[in-house]
Each structure stands twice: as structure tokens, then as C-alpha cells.
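I have placed the structure first, in the form of C-alpha cells, so that the comments after it can refer back to it.
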Amino acid sequence: MKFFIDTANVEEIKKAMEWGILDGVTTNPSLIAKEGVDHKTRVMEIVKVVGDLPVSAECVESDYEKLLAEAKDIASWAPNIYVKVPMTPTALEVVKELSPNGVNFNVTLVFSLPQALLAAKAGASFVSFFVGRIDDMGSGEAAQNIEDAVQMVETYEFPKDPEILVASIRGPLQVVESIRSGAHIATIPYKIMEQLFHHPLTDLGVKKFYDDYLKATGKTA
Ligand code: G3P
């Protein structure tokens, strides 16, 4: 499973790059707003850090002509930009229009299997299926949705061979469920990505091995 980081914070992205586990970056208008920076400026800073890894940058327009122009503009920023659009009929018209011309789309705010099918049929490269916002409502269907969506894209032919991207991740358990569901990608906030490295038994094991080494060699720490 590919690991994307879900942030517009450059320091967090640099850290994840240092860990050597990063496969891409997703941003959204809330994450950009949180950084208090201009959208294009920050996205270009991110591209500078991650090279040719996929970087998703989101549109905010909803009128067809304005969204078409915005998508073309964002797509022109760099070759590895994936234009993020919400799962709406108008946005899928834009995907249908531009995807055959080489624009890569990440269709976001997907919460149901029929929505995932529509996004894939329109020509999405990434289908961002939200789990946290579904689980937040107490419905335990998020993991099953991902499993069904992965099976769907692996069963049918679609214009852009779409990948299911698990988004809106709240904790390590949703990463586990994404792996078990065979998801292609998970986009993970920095704090949760950091948690994934740790297990108390690993820490105990490291200490025991070192203590045994010191004991065996008579060396001191
Ligand atoms: O970037 C899309 C998504 O991962 C954001 O999810 O629910 O944490 O705002 P959320």
C-alpha cells in the first residue's frame, strides 16, 4: 500500500521524506488555510521537496466554466500535480472533459460505492474514499466500503485504471483496516504516520538486546 501524507505543512513533508516511506502528498483547502499561505506558492514548495511524487491540489470552484478553468490552471503548475475535485456531477463533467487530455484527477469527498463507481467511470486516477467522517457518525461501514471499492476497480475496466485512496484517517486502526481491505493508497496525517512506527514490545526488545550485548561484552552504556 502506498503512503501519502495528508498535510500542507512543509516541515512534516520533509520529515516523512527523511523516513523514506513517502509515496505522495494530499492537500485540501482546510489544510492550506491552516498554514495561512497562498495555495499555488505552497503547492510549488511541496513539489520542490517531493520531486516527481504525486501531489494533490484541490479546486474550490463549483460553476462548470470556472471549475474547468481552475482545474486547467492547477494542472499546469507541475506535471506531477493531481487535480482534486469534489464528488459532484459538475466536477465529473470537468473530469470527463480534461482527463483524456492528460490531466490527472483525484476525486475527493467520496462516501459511497456508487460515488466511487461514478468517479472511476468519469476518468479519475485517484478515488479519495473518506473513512474518518463516516466512522465519526458511528456507522461501522467505512472498512467494508474500502474493500468493496478495491474489488470494484479490480473487477471492471475504467479509463484511468483508478486507485482507491483512503482519506480522512483518524488513527492507526484505519490504516490497519486500509491494509486489510487491500487499499492502493492511504493518505495519513503526520501525527498518525509517526505513531505507526511505534510498538512498546519493539522498544522493550531494543533495550533487552542492548542490555544483553553490554552484559556479554562487559561494556558500559
Ligand atoms: O484531505 C482529505 C481528507 O483526508 C481530510 O479528511 O476528515 O481529516 O478533514 P478530514
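The values are calculated or read from the model by the stated rules, or taken from the named source; none is laboratory data. Quick caveat, the model's predicted, so the values are computed rather than measured. Every residue, glycine among them, receives a Cβ derived from its backbone with ideal geometry; neighbour counts consider all protein chains shown. Heads up: the accessible areas ignore ligands, DNA and RNA and are worked out on the full protein's heavy atoms, side chains in. Shrake-Rupley method; radii C 1.70, N 1.55, O 1.52, S 1.80 Å.
Collect the residues in the stretch 110-120 that are open to solvent by less than 10 Å² (accessible area, probe 1.4 Å) and under 13 Å from A167 (Cβ atoms), keeping them in residue-number order.
V110, A116, A119
Of all residues in the stretch 61-81, which are under 18 Å from the mean Cα position of the chain (by Cα) and charged (D, E, K, R)?
Result: no residue meets the conditions.
Being in contact with an Asp or Glu (Cβ under 9 Å, 6 or more places away or on another chain) and under 20 Å from M87 (Cα atoms) narrows it down to one residue among A149, A119, A143; which is it?
The conditions single out A143.
Here is a list: E58, E11. Which entry is open to solvent by 70 Å² or more (accessible area, probe 1.4 Å) and either modelled with pLDDT under 95 or within 18 Å of the chain's Cα centre (by Cα) (or both)?
E11
Count, please, the residues in the stretch 89-109 that happen to be surrounded by fewer than 24 Cβ atoms within 10 Å (Cβ to Cβ) and more than 19 Å from the chain's Cα centre (by Cα).
Residues flagged as surrounded by fewer than 24 Cβ atoms within 10 Å (Cβ to Cβ) and more than 19 Å from the chain's Cα centre (by Cα) within the stretch 89-109 amount to 11.
Looking at K34 and the list (1) open to solvent by less than 70 Å² (accessible area, probe 1.4 Å); (2) within 16 Å of the ligand (Cβ to nearest atom), which single condition is not satisfied?
Single failed check for K34: (1).
For the stretch 99-130, which residues satisfy the criterion of being more than 12 Å from the ligand (Cβ to nearest atom), of a type in the set (S, T, N, Q) and under 22 Å from A186 (Cβ atoms)?
Those that are more than 12 Å from the ligand (Cβ to nearest atom), of a type in the set (S, T, N, Q) and under 22 Å from A186 (Cβ atoms): N104, S112, Q115, S125.
For the stretch 131-165, give me each residue that is within 11 Å of the ligand (Cβ to nearest atom) and among the acidic types (D, E).
Taking the stretch 131-165 and keeping what is within 11 Å of the ligand (Cβ to nearest atom), we get 131-136, 165.
Those that are within 11 Å of the ligand (Cβ to nearest atom) and among the acidic types (D, E): D135, D136.
Kindly indicate which of K96, K15 is without any contact (Cβ under 8 Å) to a residue 60 or more places away in the chain and more than 15 Å from the ligand (Cβ to nearest atom).
The unique qualifying residue is K96.
When the stretch 182-201 is examined, which residues are found to be part of a helix (DSSP H, G or I), touching a residue at least 12 places away in the same chain (Cβ under 8 Å) and of a type in the set (A, V, I, L, M)?
Of all residues in the stretch 182-201, those part of a helix (DSSP H, G or I) come to 190-195, 200-201.
Pick out the ones that are also touching a residue at least 12 places away in the same chain (Cβ under 8 Å) and you get 190, 192-193, 195.
Scanning the stretch 182-201 gives I192, M193.
In the list V60, V83, which residue meets the criterion of being within 16 Å of the ligand (Cβ to nearest atom) and more than 20 Å from K160 (Cα to Cα)? Full working, then the answer.
On the way: V83 fails: more than 20 Å from K160 (Cα to Cα).
So the residue among V60, V83 that is within 16 Å of the ligand (Cβ to nearest atom) and more than 20 Å from K160 (Cα to Cα) is V60.
Return the residue satisfying two criteria in turn: it lies in the stretch 152-166 and is open to solvent by 60 Å² or more (accessible area, probe 1.4 Å) and not charged (D, E, K, R), and of such residues it is nearest to M87 (Cα to Cα).
Checked the stretch 152-166; the qualifying residue nearest to M87 (Cα to Cα) is P159.
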